[in-house]
Amino acid sequence: MLTLCRNQTIALDEVSRGLTAAGYRRVAKVAEPGDWSRRGGIVDCFPEGFDAPVRIEWDDQTIHAIRSFYPETGQPFHDHQAVILLPAEGITHKRLRTQGWAIAAEAVPIEQFVDVEVGDLMVHVTHGIGRYRGLKKAKLGDRLVDHVALEYAEGDLLYIPIDEISLIQKYVGFEGHRPALSKLGSKMWERIKERAREGARSVAFELLSLQARRLSRPGFASKPDTEWQKELEGAFAYPETPGQLHAIAEVKADLEAARPMDRLLCGDVGYGKTEVALRAAFKVCMDNRQVAVLCPTTILAEQHAATFRERLKQFPVNVRMLSRFQSGAAQDQILKDLKAGQVDVIIGTHRLFSADVEFKNLGLLVVDEEQRFGVRHKEQLKRLRASIDVLTMSATPIPRTLYMALTGARSMSLIETPPQKRLPVKTIVSGVKDALVREAIQREMDRDGQVFAVYPWVRGVEKLTRHLQTLLPKARIQVAHGQMPSRALESAMLKFMRHEIDVLVSTSIIESGIDIPNANTLLVFRAESFGLADLYQLRGRVGRFTRQAYAYFFTEPAAALTRDAEKRLDALERFSGLGAGFKIALEDLQLRGAGNLLGTQQHGHICAVGFDLYCRLLKSEVERLQKDGSSLLTGSTPPCYIAPSQTT
């Protein structure tokens, strides 16, 4: 194993020898996992299990930059504090990256970016909670090597060699709870960890009982890809990212297995989740089974319907949409055709849950942005999962879904690779100022672009529109919100899509599904009134093109921001890079607290040991119970089982 850190003093020749000894192949240009190359003071390396290679740059004998980059263009897209490279031969490890550290490993369950700064709380699996004091040089044998320094109770310091970094993780708990530092040498940490393990054991039993009931029912095994499938995929207009290809392969493997699929597909906005779902839908249609695509909003359903129709127009696949924009007679005809099996793919909102919706042979349910659905609809989804294939897509999964996926109780595919030439959205949080609003809109119009302006309540949209028109008399401005007549709303959206409107003033109705590459400035007014995940989704409406995008989040100067609102806006500014969805989900986990996870009892355990270690303990208990699945299938209860609190 080779560990490299920014500001580390190490000879480039030593690293070159280490890579060769670890089984990496020296090539002229890295192209696939296991390759490495050297040009002057730069080493490029493509670690096994990574989606993209890493570039390490030296200044004399010191490493001054570590970056992930696109192998096709050489363009960097993410900076790292350190990278740990495992031997290249025969590795099948998954990737874990943190903004501070990039690691190829399976030991840590949370596969996402987290920021680690001096002063943050960290959790060591064996020694407990300490405060991160940075990277320090310390002796290891007869050499000075980098160590992670953690401060514990009474000022004691623990130095962890950089090659044991997988034993620690940033403490993630719930807002309002600040744990005490652990005391080194005390048995208290082991007692705390054991209580958390017992809590995790009861939850593991619940999760696996649900999973076992699902797996005990036979599913439909799809056939291998047809020639039409290959033709469809070959017609995709963009190069697939490594993350997309990996997700597609995992979804197809699930569909071809003789058990119902229940997979979470997580990826940032604009990272290509829809294409993964579309290919899965087509594969299911090739087996003469029907597909339902469930969306939280009519606008998102319209967007998906247009995408599916365009991509599938060369094939005998009937795509229909069930919408409130349609007349009663039109809806009745669609439902009649659906029941008769004449509709292959039906796309709609919660209207698909209605009692009059019947399928001839439903095979796959695609759920987009599950976090937007209410408790009753989630219960209906839970019942469906037991018998059909289900693919759930989300950029910011609800904490419970995220938690189940991270612990292995639910299958997950993670698309982390941004599309080529994608730029992070520049995020500005500010009190509302007319001069700044005018400047932002005018700059976008000067480059022939378009603007979203969002207000949280319908009652203020018209007033905001009049004010913006006063600021920019020549701008073409139109209103769109959910209380408008359906035809007027549809007309406004179509005008915006055709660039007959410069500024669309709306409520959060545009939060999901609007994909307009020419719209690259977003203005959100009264931003303090939105939730963190909502703000993140809104920001995802821009920056879907190679042009630099801007997102302004305006607060009212007179409004006294609550502490939670300040934290939400701060998180949005901090997590403004590409691939921020998981960061936002974890931040949301802390802000929203225990009610969104597994009840008060588990909340206490998570606060005591941190979210990551709790996930490790739960994952361990899940794996232990999986080795003896008989009790799960027979319904017997383990001796330690405590019924968990019911949550939504």
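Taking the average, over residues, of other Cβ atoms within 10 Å as the packing measure, peptides 236-242, 190-196, 545-551 rank 545-551, 190-196, 236-242 from highest down.
One decimal place: the segment Lys421-Glu566 gains 49.0 nm when fully extended, by the rule 0.36 nm per residue minus the C-alpha distance. Each residue, Leu140 and Arg466, gets one label point 7 Å from its Cα in the Cβ direction; the gap between the two is 6.8 nm.
Here Lys360 sits with roughly 140 square angstrom of accessible surface, probe radius 1.4 Å.
Ellipsoid semi-axes for the stretch 418-544, based on the Cα gyration tensor and the rule √(5λ), read 19, 17, 17 Å when sorted largest first. Model label sites at Val458 and Ala153, defined 7 Å from Cα along the beta-carbon direction, differ in position by 5.6 nm.
Placing R0 at 35 angstrom, the Cβ-Cβ distance between Ala31 and Gln81 gives a FRET efficiency of 0.85 after rounding to 0.05. Take the Cβ atoms of Asp448 and Arg309, set R0 to 22 Å, and the FRET efficiency comes out at 0.20. Using only side-chain charges placed at the Cβ, +1 for Lys and Arg and -1 for Asp and Glu, the dipole size of the stretch 165-295 relative to its Cα centre rounds to 920 debye.
One chain, two ends: Gln548 and Lys223. Fully extended at 0.36 nm per residue, the span grows by 112.7 nm beyond their Cα-Cα distance.
Within the shell of other residues whose beta carbon sits under 12 angstrom from the beta carbon of His147, the net charge comes to +2, with Lys and Arg scored +1 and Asp and Glu -1.
For Trp189, the accessible area of its heavy atoms, probed at 1.4 Å with every protein chain present, is near 10 square angstrom. For the peptides 297-307, 126-136, residues were scored by their other Cβ atoms within 10 Å and the scores averaged per peptide; the highest-first order is 297-307, 126-136. The residues Phe359, Phe46, sorted by heavy-atom accessible surface at 1.4 Å with ligands and nucleic acids left out, run Phe359, Phe46 from largest to smallest. Spread over its residues, the convex hull of the C-alpha atoms of the stretch 131-277 is 232 Å³ per residue. Glu32 contributes about 100 Å² of solvent-accessible surface, heavy atoms of the protein only, 1.4 Å probe.
The values are calculated or read from the model by the stated rules, or taken from the named source; none is laboratory data. Model, not experiment: these values are computed from the prediction. Here the Cβ is made from the backbone with ideal geometry for all residues, glycine too, and neighbour counts use every protein chain on show. When the accessible area is computed, the model is the full protein with side chains, heavy atoms only, and any ligands, DNA or RNA have been set aside. Shrake-Rupley method; radii C 1.70, N 1.55, O 1.52, S 1.80 Å.
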